[in-house]
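Read the figures in this text as sums done on the coordinates, not as results from a lab. Just so we're clear, the structure is a prediction, and the values are computed from it rather than from any experiment. Cβ placement follows ideal geometry from the backbone for every residue including glycine, while neighbour counts extend to all protein chains displayed.
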Amino acid sequence: MCDVFLVGDATTTICHRYTPRDQLLFHVKNADILVVATGIPGLIHGDMLKPGCAIIDVGINRVKNPKTGKNMLVGDCDFESRSQHPDAVVCPADYFQWPQKAIFK
């Protein structure tokens, strides 16, 4: 995904699951487009986001639903806290099907 943005002359920053929390917060708060694929459910919270940030949550995590006890799939962004920021745009994770022109519109 990083290569797709580089082709479009975007400045990219890559963080990973071991990036110190303060550095991760700095980079997330400054991101116009955030692609999350860490495998850590709920890593990104709504209070970390820049207003108007587009989020592409690629994470697919199986967790137990506390209400039903059944397994469910969740992303790496905490959806509930993200929903407190209605200006954040969440994109579906099937980004491999997107044409590059749609990303850079």
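List of remarks:
- Residue-count net charge about residue 36 - beta-carbon cut-off 10 Å; Lys, Arg +1, Asp, Glu -1: -2
- Computed lengthening from residue 45 to residue 12, 0.36 nm per intervening residue step minus Cα-Cα distance: 9.8 nm
- Residues with amide H under 5 Å from that of residue 33, placed H, sequence gap 5 or more: 54
- Segment residue 32-residue 81, extension gain: residue separation times 0.36 nm, minus the distance between their alpha carbons: 15.8 nm
- Taking Cβ atoms as reference points and 12 Å as the exclusive limit, the residues near residue 10 contribute a net charge of -3, counting Lys and Arg as +1 and Asp and Glu as -1.
- Applying the Karplus relation 6.51 cos²θ - 1.76 cosθ + 1.60 with θ = phi - 60° to the range 52-65 yields 3J(HN,Hα) values of x, 5, 8, 10, 10, 8, 8, x, 10, 10, 9, 10, 7, 5 Hz, where x marks Gly and Pro.
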